[in-house]
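Following: one structure in structure tokens, then a few remarks.
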Amino acid sequence: MDLLLRNVHLIDPSLQLDDSGLDLEIRDGVITRIGRGLKSDGEIRDLGGAIVAPGFFDMHVHLREPGQEYKETIETGLNAAMAGGFTSVCCMPNTEPSISDPFVVSYIKEKAAGHLVDLAICGTMTKDRKGDELSPMAALAKAGVKMISDDGAAVRSAEVMRRVFEYAQMFDLLVTQHCEEHSMTAGAAMNEGRVSTKLGLPGWPSVAEEIIIARDILLAEYVGGVRYHVAHVSTKGGVRLIREAKARAIKVSCEVTPHHFTLTDEAVEQHGTMAKMCPPLRTQEDVDAIIEGLVDGTIDCIATDHAPHAAHEKETDMVSAAMGIIGLETAIPLGLTHLVNAGHLTFAQYIELSSTNPRKLLGLPAIQIKEGERANLTIFDPTKKWRFAEGDILSKSHNTPFVGAEFIGKVVGTVNNGKAHFRA
């Protein structure tokens, strides 16, 4: 691939690079020249001042394969990631079979080979996510797994969780917990509060998330040294607990999803099952606390929790419907619209949350925009006004409340692994 990106705005926080009106040349997948007025005999694309950033990394996606290919496959999920501006994603282990042994890891790696998007893999904490017997962490780590989780199911036993921390520390694995006290959430359809009472729906209290966050922080502090990551934090109290733990120098980090910093539980009244999430959409007070946590650094990164479901799994009543939405193709527009263009974050801060920090958490090499480095790039126009339509979706599933939403900021393209993908 010989490609010259003309008239771009380069932003790389790791290099303190923020400069516009530049040209960037790529040959054989490597950045060969950065300057002004460059000439090339290869393909030339004038990007009209679009921002070029280190490739974005979504560390929490569900690709459903193996076992639920009717919802998503590795190929369709990676295509959606590519279209959404991501050059790397990490797939979660609640597949069928679950990612509890290196053979499943090998299968997923083979299916993802050769794609523009790099795929990291999260293994389970306990065997088949049952919460009792530890997974073979040594074998998973040897197979290349960097993170473990029983995502979708919190480990109920504090003693088992303690053992997870002790063994994960031995292999320097990032431990990621889906924080839910299941005895308080059985049958829940949405956040417990005014809207659930109004609609007569069983509620999911915010404290059910916070109880597990608090327990795990105490266990992580007791074990010492282990790296603990809270998945998709959604409550004001959860943000407060994580902030306090960081102040005590406990190795805790967390992520937040775009739907949790843009929507409240009132969206259920408009979108029905398309607004049924896990964890559920919360209140405006929680949204405000999440944005504050993004601004002050309490929240380390943004992840989509991309959760594809077939139409029949959403086209039912709220209690029966599957939880979750797709998110890869709307994440960057939502972040640009509601965080950057709303004045909460700078571009550099947003790029750190979406690119730099996820790689740090997983212990992966940093991506830098400089000559001699591999071209791993996310390109977006922060000023483009547009409306998201059904036809924009490359995911196999279409479960999202954002069809018809208006955004300010659009993905232009992705470059990685000697390949490039551009969108109109």
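FYI, it's all coordinate maths here, none of it is from the lab. Just so it is clear, the structure is predicted and the values come from calculations on it, not from any experiment. Positions of Cβ are backbone-derived with ideal geometry, glycine not excepted, and every protein chain shown enters the neighbour counts.
Some notes on this structure:
- Local net charge near MET274, Cβ-Cβ under 11 Å (Lys/Arg +1, Asp/Glu -1): +1
- Fewest-first ranking of MET137, MET82, using other Cβ atoms within 10 Å as the exposure measure: MET137, MET82
- Overall, the chain carries a charge dipole of about 520 debye about its Cα centre when +1 sits on the Cβ of Lys and Arg and -1 on the Cβ of Asp and Glu, all other atoms neutral.
- Integer Hz, Karplus 6.51/-1.76/1.60 couplings in order for region 317-330, x for Gly and Pro: 6, 4, 5, 7, 5, 5, 9, x, 9, 6, x, 5, 8, 10
- Of (1) 33, 24, 21; (2) 38, 33, 21; (3) 42, 25, 17, the label for semi-axes √(5λ) of the Cα gyration tensor in Å derived from the coordinates: (1)
- Computed from backbone phi, the HN-Hα couplings of region 238-247 come to x, 4, 4, 4, 5, 4, 5, 5, 5, 5 Hz, rounded to whole numbers (Karplus: 6.51 cos²θ - 1.76 cosθ + 1.60, θ = phi - 60°; Gly and Pro given as x).
- Each residue of region 249-256 is assigned a 3J(HN,Hα), and the resulting list reads 6, 7, 7, 10, 9, 7, 10, 9 Hz, derived from the Karplus form 6.51 cos²θ - 1.76 cosθ + 1.60 (θ = phi - 60°), x at Gly and Pro.
- Neighbours of ASP19 by Cβ distance under 11 Å: Lys/Arg scored +1, Asp/Glu scored -1, total -1.
- The alpha carbon centroids of region 254-287 and region 172-206 are separated by 12 Å.
- Gain in span if fully extended, GLU371 to ASN417, counting 0.36 nm per residue against the direct Cα distance: 15.0 nm
- Residue among GLY37, GLY238, GLY84 with the largest mean-square fluctuation in a Gaussian network model of the chain, springs linking Cα atoms under 10 Å: GLY37
- Measuring between their Cα centroids, region 113-143 and region 1-28 lie 35 Å from each other.
- Residue (of LEU119, ALA321, ALA53) at the positive-pole extreme of the chain, dipole from beta-carbon charges: ALA53
- Of HIS271, HIS232, HIS60, the one that fluctuates the most in a GNM where the chain has Cα springs shorter than 10 Å: HIS271
- Neighbour counts of other Cβ atoms within 10 Å put TYR167, TYR350 in the fewest-to-most order TYR167, TYR350.
- Amide proton proximity set for MET190, modelled H, under 5 Å, gap of 5+: TRP204
- The residues packed around SER355, meaning those with a beta-carbon under 11 Å from its beta-carbon, carry a net charge of -1 if Lys and Arg are +1 and Asp and Glu are -1.
- Selected from MET147, CYS90, LEU263, residue furthest toward positive end of dipole (region 54-362; charges at beta carbon): MET147
- The chain: angle of helix 102-112 to the longest principal axis, Cα-based, in degrees nearest 10: 40 degrees
- Looking at the chain alone, DSSP beta bridges between its own residues are antiparallel in about 50 percent of cases.
- Close amide H pairs (under 5 Å, H built 1.01 Å from N) link THR73 with LYS396, residues at least 5 positions away or on another chain.
- Order of SER196, SER14 - criterion: other Cβ atoms within 10 Å of each residue's Cβ, fewest first: SER14, SER196
- Check: region 212-343 dipole with +1 on Lys, Arg Cβ and -1 on Asp, Glu Cβ, in debye: 560 debye
- Of the residues THR330, ASN376, ALA138, the one whose Cα sits farthest toward the positive end of the charge dipole of the chain, with +1 on the Cβ of Lys and Arg and -1 on the Cβ of Asp and Glu, is ASN376.
- For HIS60, distant residues with modelled amide H under 5 Å away: CYS90, THR304, ASP305
- Pairwise centroid distance, computed over Cα atoms, of region 302-354 with region 397-424, Å: 12 Å
- Gaussian network model of the chain, springs between alpha carbon atoms under 10 Å - residue of VAL256, VAL223, VAL61 with greatest fluctuation: VAL223
- Per residue of the chain, the DSSP helices (runs of n ≥ 4 H) give a summed -39500 (n - 2.57) that works out to -7500 deg cm²/dmol at 222 nm.
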